[in-house]
Structure formats: structure tokens, C-alpha cells
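As C-alpha cells, the structure follows; a few thoughts come after it.
The values are calculated or read from the model by the stated rules, or taken from the named source; none is laboratory data. This structure is a prediction, so every number in the text was calculated from the model and none was measured. Here the Cβ is made from the backbone with ideal geometry for all residues, glycine too, and neighbour counts use every protein chain on show.
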Amino acid sequence: MRRSVVVTAVGALVTAAALGPAAAADPPHGHQLRNEPVKTPVARGYGGGVATVDLDATRAGIEVLRRGGNAVDAAVAAAATLGVTEPFSAGLGGGGFFVYYDAKSGRVHSIDGRETAPASATDKLFVDPETGKPLSFQDARVSGLSVGVPGTPATWDRALDRWGTWSLRQALAPATKVASRGFVVDDTFRSQIQENADVFDDFTSTRKLYLPGGAPPAVGSVFRNRDLAHTYRMLSREGMKPLYDGELGAEIARTVQHPPVTADADRVVRPGAMTTDDLAAYDAPLRAPTKVDYRGMDVFGMGPPSSGGSTVGEALNIIEATNPDRQDKVGVLHTYLEAAALAFADRNRYVGDSEEVNVPLPQLLSQGFADERACEIRPDAVLKKPVAPGVPDGDYGGSAACGTKAAVAPADQHEGLSTTHLTASDRWGNVVSYTLTIEQTGGSGMVVPGRGFLLNNELTDFNFEPTQGEAPDPNLPGPGKRPRSSMSPTIVLEDGHPVLALGSPGGATIITTVLQTLVNRYELGMSLPDAVAAPRASSRNTALEAEPAFLASAEGKALVAEGHAFRSVPEIGAETALQFGERGAVEAVAEPTRRGGGSAMVVLPTGGRGHGHVPAPR
Ligand code: GLU
């Protein structure tokens, strides 16, 4: 993430004075570093909060709240700003999932803004017709084949239309300003371009925008994206019609069908088949969120085509079935890892786009199924991986069903490392948990010429070939189908009131990051900042990974001694979260260090004004 100002000590609070309108309006950011609010990962107070990976995006959201907008308005403003400052993770060319708690009705809603395959797609989308073999991931990614019809613009439109109080023009204004006035390039922004330089250099439009003069912009320089500012202005005037049914849509389809490859490109870039009809047919529908009862609370998440809600939910049910209160810390972490592996086996076997395949969602979320799965877990032994999927058929035989099934080793699945999550709340008690992405860092690598945004490669989230042995694979490509996601925007209610909202980037590790944070908070009793910062481990049935700090901890060592064979990885996830106390108290939390650290703010910070402390719920 971009880091344009000095990061203060963990836990430092942003003061109300530092958020003053004068500071927020002064362009460009590089010229006013001394007056800028600082980026801090924890803020407490009242009036609503915003947490994102990026200072500018959080500021945009907070400014909306301060001017009377609600959490939905703030979330869209922050997301649009991420499209400028975090363009390699999110933007107009991508998709995502928006989960919303509406204080007035007390209901949780979700919007499915997932990218969609063109009507012409088949299950052989990523099979090379010449060899009959699947394409390599990179050949598939850097092509028109991987680009799904973007869902992010429709998500913003639907969210504002349905629950917002601001117009699209108002919500896009802060991002438009950042795009046209510029922001200061930091290490992460530059290094994400550097990592992608060979790809970006092969497209005329991307080379022009992100490799000006043949190299990534220097750290400390001011980066402007005037094309994106123009695009946002056009959408502000005309709504999303030009994108789904107009000139911008025609340009997107042209880019996919005729990738703007440079004359000296050193790769073959396969064209895709997306048409303007595919764009016109796009919808970001409201879907019923997933819900499980966990420790007397209701945990809401995203249903298919995301596997986030069902996999986090199933794993929580499994953990609950193992009597975690009687386990020590190592025991709880062992249970967490095994529950995640079991739930991943089930998601791989059963979860895909439920418009296209039959997903047994109520069974996957049922306590009966979880009880049957939980009986596989042994306190004194590590399950042999990969574990087989269970049978969510409503007929649960308890321990008689344990250990009776043969495992199918699924093919290796690609794990992305891009994406971003933001959380926002307002003074009325509304809450947004929103994860958005363009899939890989840098997406397909193709900027729509003259428009200033990258197109996604989300369709590579489909399996390229069947992965489930004799059983059907729910996640093969198909016409108009949405690829399965791991994004897990989550909201937890207790007695009907929100207590926590969270989410993370990180491909399939998103699921385990959200799950581990819930375990840290509710099983191990950590504060929310500690739960977010704690070293992570991730079991996904095929992959078992841990951060170095986890491996170095006493619990990590004990788990290794038990037989958990972790692969060490530098970082897992980068969360943002909100926690709610009584009388409107809010604690906003962003990742303190991973991926450069995030930014948390509240409208009325506690401290110096006698507001007292946010009570730590539970
Ligand atoms: N495309 C991934 C998904 O939808 C997210 C990508 C990532 O986080 O790297 O699950």
C-alpha cells in the first residue's frame, strides 16, 4: 500500500484537529507533509470510523462522514480513492463483495459485484486448443481471456442507490481530486510496478501510465492519473451507463478483444471474447448473506460465488463443536488449523457460482454437518492431508461417519496476493464490510487506453481443469458464470447489534486470516488490535503456511512438534476491522505492519475531550 507520510507509533490516535477541512483540501499531498494527519493503525472514538490500507482512502471516507454522509457513502468514496492510490489491487476494472448492516431495519444485506465470464466462455476457457493442456497461470493472466466483466462500478451504483445518501458525483469527488492533484509515490506503489514491469511494458497504455520515461515513478515523486480523473468525472456526470452500455464499455470490449500490445512485446497475448452485450448484461445483485450462530452471536458473510461466508462459517461451527473452552492456546490453534482444512475440502468440492451449480449452502452452514466434520479432529494427532470432503446431505451419523472417506488430492490452486478490504461505520450505526480486487497485483496488466484503470484477471479464479477426481468440479469456467472467490467480508452481530466487522486481502488465505482473527478475538480473548496483529498460520488442506513470527512462538513450536508441517511465508493477509461498543463507541483497526501498514480513523477521536474509552465488548 502507499505510504505517503510518516507512520507513528502503533496505537497513536489521530486528533480531530489533524482532520480539519483545511488540511484535507490542500493539494498535492507531497507539499503538505508536515500538516497531514498521520497514518495510524488504531483509532477509538465516536461518530463512525473507517479503516483501509491507505491514508488517503481512509481520509476520504472520514471526510464523507464528517460532512453528513453515511457508511455506504463513505465506503464508496474510500473505495474509489483506493482505485487511485491502490490501483494494482482494486479499481473500476475489478469486482468485489459488499456486506452491509442497515441500522434502521437491523438487517444485513450483501451485493455480489463479482466479475463475470462472457456469454461465449466454455469450460475450456483456459485450455490451449493447440496442445489440449491448460495454459500456464501467467499466460492465462496476461491475456484478454482472464478479464471478467467488471462488477465494481455496478456495486458502487447499487450500494449508493439502495442505501446511500450521496450521489455518485459526490462520492467520487474525493477520489477525482486525488487522481488529478496527485499523491506521493511510496516504496510499495513503486515496487508493485517494478514487480510487474515486464508485463506493464508490453502494453502501450500501461507502459505510458505506469512506466513514464521507461521506468516506475520515483519514490517521493507526485503521481497524477489525469485519465482516471477524467473517467471519474464522466461517470459522475453520466452515471455508470457509459461503462455498461456506452463508449467506455465499447473501449473495454475493444481492449479485451484487441489487447494494446506494444510492437516490441516479448509475449503472445491471447485476446478475449468479451463483447458490449456482455457488459450490458452485467448485474450486481443483492444476495442473501451467509449466517452462522457462533458463541451466541450471528456471523454474517458473503455467499456464493464467494466461498468466504460458507468456509468461515463452517469452520466456526466445527470449532464450536470441539469444546474450545476446554482447550489451551495450542489446542485452540490446532483446532483452528484442522477445522480450516476440513472446511476447505468442502468448499473445493461443493462451492461455485450458485446460479450455475448446485451449492448445498444450508447444509454446509448447518451445525449437524459441522458436528459430523468435527469428529475427524483429534486433540493429539494431526489429520493426514489432504482430507476428503464430507457429505452435506442432511443425514449426519455423528462419529460413525468419521474417517470413512478416501481423500482426493486436489490440483494445486493458485493463490493471489492482491485485493484490499475496507470497513466503515457511521453515527447512525450502519456498518459496511467491503472487499474488492482486480485479482493479481496489477490484474491482467492491461490499462484501458486513455481511461487510467487496469482490467482484472479475475477469471483465472476458475479452475483451469477439473480438480475433484470423479466428482464434478463446481468451479470450472462457463458462459456468464462467476468464478469462485475467497473474499470474506464479515459482520458479527450480538443481540441484533454489530460488534465486529472485518476482512482481508490474500487470495485463499483471506478465509483463514478472517477465521484466525475471530479465533484470536473470541476463543483466545485478544483485543481486536492484538487479534489483527498476531502472527498467522493458514491451513487450506493442501497448503499449510505460517509467518516466521508464528513459527518462532511457543505455540508455533508446539504445533510443529505435534506434526503440523508449515511452510514459512513472509506475510499472510492485511486486515482492516471495526469493533463497536456501547452508545456508539467505535474502535477502528488496520493492519499495523504487513504490506506497509494501514490507516484507521474515527470521526470524533477519544482523548482530550472526555469521551471515555471504547468498552472492549466481550
Ligand atoms: N481473486 C481472489 C478471490 O476472489 C482474491 C485475490 C487476492 O486476494 O489476491 O478470492
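Among the candidates G469, G450, single out the residue that is modelled with pLDDT under 95 and either of a type in the set (G, A, S) or near the ligand (Cβ under 9 Å from one of its atoms) (or both). Exactly one residue qualifies, and that residue is G469.
Considering only residues of segment 437-476 that are within 21 Å of S354 (Cβ to Cβ) and charged (D, E, K, R), which is nearest to the chain's Cα centre (by Cα)? Among them, the one singled out is E439. Listed by position, the helices (runs of 4 or more DSSP H) contained in segment 461-552 that have at least 1 residues being within 30 Å of P134 (Cβ to Cβ) are 509-518. Condition first: in contact with a helix residue (DSSP H, G or I) (Cβ under 9 Å, 6 or more places away or on another chain), surrounded by 17 or more Cβ atoms within 10 Å (Cβ to Cβ) and farther than 16 Å from G249 by Cβ. Now tell me which residues in segment 116-133 satisfy that. Scanning segment 116-133 gives A117, A121, L125, F126. Polar (S, T, N, Q), closer than 24 Å to D278 by Cα, within 16 Å of the ligand (Cβ to nearest atom) and under 13 Å from the mean Cα position of the chain (by Cα): is that true of S485 in this structure? Taking the combined requirement at face value, the residue satisfies it. Do we find that R427 is within 15 Å of the ligand (Cβ to nearest atom), basic (K, R), at pLDDT 95 or above and over 30 Å from A321 (Cα atoms) in this structure? The answer is no for R427. Within segment 237-248, the set of residues being buried (at least 18 other Cβ atoms within 10 Å of the Cβ) and over 25 Å from the mean Cα position of the chain (by Cα) comprises P242, L248. Just name the residue that is surrounded by the most Cβ atoms within 10 Å (Cβ to Cβ) out of those in segment 331-358 that are closer than 12 Å to V391 by Cα and in contact with a Pro (Cβ under 8 Å, 6 or more places away or on another chain). In this case the residue turns out to be D346.
Say whether the condition of being of a type outside the set (V, I, T) and free of Cβ contacts under 8 Å to residues at least 40 places away in the same chain is met by at least one residue in segment 500-515. Scanning segment 500-515, I find no residue that is of a type outside the set (V, I, T) and free of Cβ contacts under 8 Å to residues at least 40 places away in the same chain, so the answer is no.
Is one or more of the residues making up segment 104-120 closer than 29 Å to L604 by Cα, touching a strand residue (DSSP E or B) at 6+ places or on another chain (Cβ under 9 Å) and without any contact (Cβ under 8 Å) to a residue 40 or more places away in the chain? Yes, because at least one residue in segment 104-120 is closer than 29 Å to L604 by Cα, touching a strand residue (DSSP E or B) at 6+ places or on another chain (Cβ under 9 Å) and without any contact (Cβ under 8 Å) to a residue 40 or more places away in the chain. Residues in segment 502-514: is at least one over 27 Å from Q138 (Cα atoms), modelled with pLDDT of 95 or more and away from the ligand (no atom under 14 Å from the Cβ)? Yes - at least one qualifying residue is present in segment 502-514.
Looking at the structure I just gave you, is A577 at pLDDT 95 or above and not in a strand (DSSP E or B)?
It is false that A577 is at pLDDT 95 or above and not in a strand (DSSP E or B).
Inclusion of T513 among residues that are surrounded by fewer than 24 Cβ atoms within 10 Å (Cβ to Cβ), under 20 Å from the mean Cα position of the chain (by Cα) and either over 30 Å from A229 (Cβ atoms) or not small (G, A, S) (or both) is not warranted.
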